[in-house]
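What follows is a set of notes on a single structure, which appears directly below.
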Amino acid sequence: MSEHQHTASLSDVHQSVDTTAKPKWSKILAFFGPAYLVSVGYMDPGNWATDLAGGSQYGYTLIWVLLMSNIMALLLQSHAARLGVVRGRDLAQANRDTYPKAVNFILYAFAEIAIAATDLAEVLGMAIGLQLLTGLPLIWGVSLTTLDTLLLLILQRFGMRRMEAFIVALVAVIGVSFLWQLVLAKPRFGEVLTGFVPRLPDTNALYLAIGIIGATVMPHNLYLHSALVQTRKIKRSEEGIRQSLKMNLWDSAIALNLAFLVNAAILILAATVFFKSGHHEIAAIQDAYKLLSPKLGSLAPILFAVALIAAGQSSTVTGTLAGQIVMEGYLHLRINPWLRRMLTRLLAIAPALLTIWLFGEKEINNLLVFSQVLLSFQLGFAVIPLIHFVSDKQTMGKFAISPLTRFISWAVATILVYLNLRMVGDAAVAYVRQTGHTMTDILIIIASVLFIVLLAVTIAYPLLQRRRARQATNIHPEQQPWGELQVPDYHCIGIALDFSRHDEKVMASALRNGNGHTQYVLIHVVESAPAGWLGRESDDFETRKDREQLESYAAVLTRRGLQAKAILGYRHRAKEITRIVTEEKIDFLVMGGHGHRGLKDWIFGETANQVRHSVKIPVLVVQ
């Protein structure tokens with residue numbers, strides 16, 4: 001059974017691109033787009049530092065590392081697309097369905113940290129690009145990046161395809177800029193090809209390789225891709241799903257190979273211009289910019305800065321979408337897009353402004369590196385659940401990945417987790433040696449132990465859950481009816497609906513307790529941000545769609561010869577349901593209960609309990 005629109009990932013654009021009723025080539029092109037939005041994360045400003053360092057220190061030697069990380073990324077992104085196409089769930093939703101509440105909250109926090117770290121790299125990249133082009137101080141450049149918070153809202157007004165076209169245009173700007181710089185640099189492609197031979201000259205090259213891989217495979221892209229593929233409306237037959245998987249694989253292969261070419265171009269440019277001229281310590285973006293002009297002329301640094309701004313701007317759009325996905329998926333909480341955008345951007349701007357204010361612009365590159373370390377820290381907690389989900393035959397059926405693909409995937413996950421743990425561990429050890437504070441050492445040890453425990457839970461819990469599910473099958477015998485029971489005669493039954501897959505059960509339970517002369521009052525509370533501010537005066541997209549949906553439910557009952565009407569509430573679920581019960585003189589209320597408690601009660605609120613204690617009528621809670 002498909003999920004309702006309100007529980008679908010990116011519900012505003014869910015299945016907004018129809019691939020089912022198009023000519024052959026139009027149909028093929030309709031599938032292309034999601035991977036291009038994902039690909040910008042593989043060429044954002046956070047990747048530039050490692051590419052520049054690799055090229056300036058080791059020439060073309062580390063190109064094979066870029067290729068290897070790109071193959072890893074293609075494998076994992078294809079898994080993310082498979083999860084979204086087959087199950088219709090994004091990675092955040094699948095995690096929420098699988099892991100315990102406490103683990104899910106930590107995974108959500110890690111995902112938000114990863115998105116904030118990504119956005120931090122984009123903020124710094126755009127600010128540096130503006131400084132290089134105009135001389136604007138970094139502190140003002142960082143502040144100006146708040147102005148793009150409404151860009152996603154403007155793009156969403158024009159639909160998913162135009163948003164994708166905008167991103168592709170920015171990617172084209174990046175690609176053309178570096179292509180032209182390579183033309184100016186004139187690398188010898190025979191020497192470039194030697195870089196595809198795997199080798200690591202020394203220990204420092206290993207660290208750079210770890211940095212390149214850590215900066216390439218990003219956790220938020222896995223959340224993003226699993227949701228974006230659901231913007232395509234496909235035939236839910238075996239043939240339709242297989243075709244969608246095939247087209248999304250092609251989409252990913254083309255988009256990620258373009259990202260690989262951009263990263264390779266940065267490394268080749270650094271190798272040709274800096275390594276060969278003896279400038280082996282170029283890691284800062286500003287240093288690379290300054291040295292391009294005397295080497296390649298005045299046009300090259302301008303193209304470099306323009307590409308940097310385009311990379312930051314394109315990544316900021318996809319970062320916002322990823323933030324929306326993890327918040328909706330883990331918390332089942334949707335807020336106004338501009339509020340979500342502002343929240344993400346403030347989390348990125350605050351550390352950037354604080355660093356510049358306290359330590360000056362010289363520490364910006366260290367902050368950029370730190371953002372990549374944060375991404376590396378979180379990577380395993382996105383990759384491991386993803387592989388679990390696409391390997392599970394109970395949920396994926398015949399579309400589960402093959403044993404060979406599963407083995408390769410776990411090998412890739414092991415390599416990525418090991419390399420990223422090593423990078424984070426080395427950074428922690430270096431910090432401890434530098435400070436020498438006992439309390440700091442203890443905190444790092446505690447954090448490391450908790451990290452390992454959480455990683456073990458992430459790996460083991462889905463396997464244990466599957467085993468328990470198999471053992472629990474048919475434990476309880478089917479309950480037999482008790483015979484004739486006298487049903488009370490209710491005159492007005494209220495039905496609280498949340499537009500989820502549980503609505504059918506709630507409605508059926510209400511009808512079983514009514515009769516021919518019972519009036520049914522259908523209740524739904526709108527919780528969008530405009531509804532929270534304006535109440536009954538709100539007329540946002542969600543309010544209109546909720547009204548249409550509720551009225552369509554009432555029409556179904558009316559066609560069956562029943563008395564039904566639809567009433568919307570606003571802002572607070574429990575208070576509004578209680579108010580409507582009183583005003584409509586409802587004598588029996590049926591509502592759904594999701595069975596959460598503890599931390600989730602604090603996040604979502606205790607609607608059923610609050611209503612039950614606030615009204616003086618029977619309340620049937622349908623789990």
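The values are calculated or read from the model by the stated rules, or taken from the named source; none is laboratory data. Everything numeric in this text was worked out from a predicted model, so none of it was measured. FYI the Cβ positions are ideal-geometry reconstructions off the backbone, even for glycines, and counts take in every protein chain you see.
Could you list, in sequence order, all residues of the stretch 66-104 that are within 17 Å of Gly329 (Cβ to Cβ), of a type in the set (A, V, I, L, M, F, W, C) and under 15 Å from the mean Cα position of the chain (by Cα)? Listed by number, the residues that qualify are Ala80, Ala81, Leu83, Leu91, Ala92, Ala94. Summed over the stretch 70-111, residues that are in a helix (DSSP H, G or I) and closer than 24 Å to Ser252 by Cα total 24.
Would you call Arg199 assigned to a loop (DSSP other than H, G, I, E, B), farther than 18 Å from Tyr60 by Cα and assigned by TED's automatic domain parsing to the domain that holds Ala300? No, not satisfied. Quick check, is Lys505 among the charged types (D, E, K, R), touching a helix residue (DSSP H, G or I) at 6+ places or on another chain (Cβ under 9 Å), at pLDDT 85 or above and closer than 26 Å to Gln623 by Cβ? Criteria not met by Lys505.
Contact map, the stretch 127-151: first residue modelled with pLDDT of 80 or more, second residue not small (Gly, Ala, Ser) and not in a helix (DSSP H, G or I), Cβ cut-off under 6 Å, separation 6 or more or different chains; pairs are Leu130/Leu136.
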